[in-house]
1. In what sequence do 59, 131, 121 fall when counting other Cβ within 10 Å, fewest first?
2. Can you list which of the GluC sites (Glu not before Pro) found in region 115-203 are DSSP loop residues with at most 13 other C-beta atoms within 10 Å?
3. Find, among the GluC sites (Glu not before Pro) in region 1-103, those assigned to loop by DSSP (not H, G, I, E, B) with at most 10 other beta-carbon atoms within 10 angstrom.
4. Label 7 Å along Cα→Cβ of residue 307; region 1-25 residues with amide nitrogen under 20 Å?
5. In percent, how large is the relative contact order of region 1-122, given Cα pairs closer than 8 Å and 6 or more residues apart?
6. Could you tell me which chymotrypsin sites (Phe, Trp or Tyr not before Pro) in region 1-93 are loop residues by DSSP with no more than 16 other beta carbons within 10 angstrom of their beta carbon?
7. First measure r as the distance between the Cβ atoms of residue 42 and residue 318, then evaluate 1/(1 + (r/R0)^6) with R0 = 35 Å and state the FRET efficiency to the nearest 0.05.
8. Sorted from largest to smallest, which semi-axis lengths in Å does the alpha carbon gyration tensor of region 1-101 give for its equivalent ellipsoid, taking the root of 5 times each eigenvalue?
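Coordinate-derived values only; no laboratory data. Worth saying up front: this structure is predicted, and the values here are computed from it rather than measured. Glycine also receives a Cβ, built like all others from the backbone with ideal geometry; neighbour counts cover every protein chain displayed.
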Amino acid sequence: MRKVGLVIDELFVKHINSFDHPESPDRVYIINDMLNETGLINHLTFLEPRDAKKEDIIRVHTESYFQRIEKTKGKEKVFLDQDTSTNAFSFDSAIRASGGVLQSIDNIIENNIDTSFCIERPPGHHAEADRSMGFCLFNHAAVGAGYLRSKGYERVMILDWDVHHGNGTQHIFEDSKNVLFFSTHQFPFYPGTGSLQEIGINDGVGYTVNVPIDIGMGDNEYIKIFNEILVPITSQYKPQFIIVSAGFDSFVDDPLGGMTVTTSGFSKLAEIVMDLSNQFCDSKLLLILEGGYNINGLADCTKEVFETLLNYNGDSTQQITEQTKADNTIDIVKNNYLEFWDF
Ligand SMILES: [Zn+2]
């Protein structure tokens with residue numbers, strides 16, 4: 001069995017947006033219950049998360065934005081955008097969630113564990129350098145990539161399979177080839193970014209890879225997109241570390257997303273990513289929970305992914321040879337990036 005780290009903390013259930021908000025503490029409670037009921041918890045290495053320091057956060061956020069969120073500490077309610085707000089604990093939750101990512105990275109680099117999965121909230125991938133958005137305060141995946149950059153890593157890949165586009169992560173790194181951002185997302189959809197025209201800017205052109213897909217895509221479509229676009233690009237980029245923005249709102253019964261990915265689909269996606277991390281970066285792989293709003297579905301999907309991470313034995317993933325609804329998009333995306341990558 002592989003050594004898989006787990007980050008989870010009581011602060012991750014103290015941040016509350018508002019009553020009846022889909023991004024609720026129940027998301028962490030149900031995964032915690034699942035880990036205990038299945039006994040999976042006994043096979044995971046618990047990593048005590050630390051609080052990210054201001055210097056960790058402002059590698060990717062502006063200092064004034066950090067201060068703005070810090071000032072919400074202790075206040076009952078502050079509204080940041082139409083669907084994102086804080087309570088007295090939100091700042092503490094967010095810096096500990098970013099710190100969980102840093103703690104994971106340290107343990108992965110020091111070879112204490114093979115990989116880590118951070119079960120934390122608030123989520124992060126919509127958070128821009130200077131503002132919160134879409135339930136997100138600090139961008140944990142970006143904080144992690146910024147930390148790796150500060151340690152001299154020159155090729156970090158962030159894979160975002162959340163049903164929404166990770167606008168914040170893209171914008172933070174879109175002018176850099178040191179962080180490759182790859183995203184599959186429902187399009188057109190919230191937050192409106194992630195079109196085929198967005199391929200990176202300046203030195204980063206070609207290193208922002210957007211795969212905008214129609215509503216209704218499922219396991220075969222995602223697996224084919226990964227095999228035909230993600231795998232060749234990763235093979236050429238040769239990342240030294242892979243971070244996954246693991247959202248589960250592309251699950252078939254998610255109340256917000258419109259995709260049809262099943263629990264076994266997520267397991268196969270995780271396997272492809274494990275193959276890549278095995279092949280190119282000595283299994284240096286970190287997953288961070290982003291979206292996923294069907295509470296029971298979230299527990300089932302994360303169970304599959306944890307089991308896949310623990311039991312992975314290097315078997316290559318099944319290829320999808322039949323036609324899928326994503327074939328046209330796959331051709332368009334390949335053409336869009338022909339100048340930068342061989343397919
Ligand atoms: Zn999402």
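1. Numbers: 59 15, 131 18, 121 28.
So the residues, fewest neighbours to most, are 59, 131, 121.
2. Taking region 115-203 and a limit of 13 other Cβ atoms within 10 Å, the loop GluC sites (Glu not before Pro) found are 154.
3. 76
4. Residues 1-6 fall inside that zone.
5. Relative contact order for region 1-122 comes out at 42 percent.
6. 19
7. 0.75
8. Numbers: eigenvalues 148, 68, 17 Å².
Equivalent ellipsoid of region 1-101: 27, 18, 9 Å, largest first.
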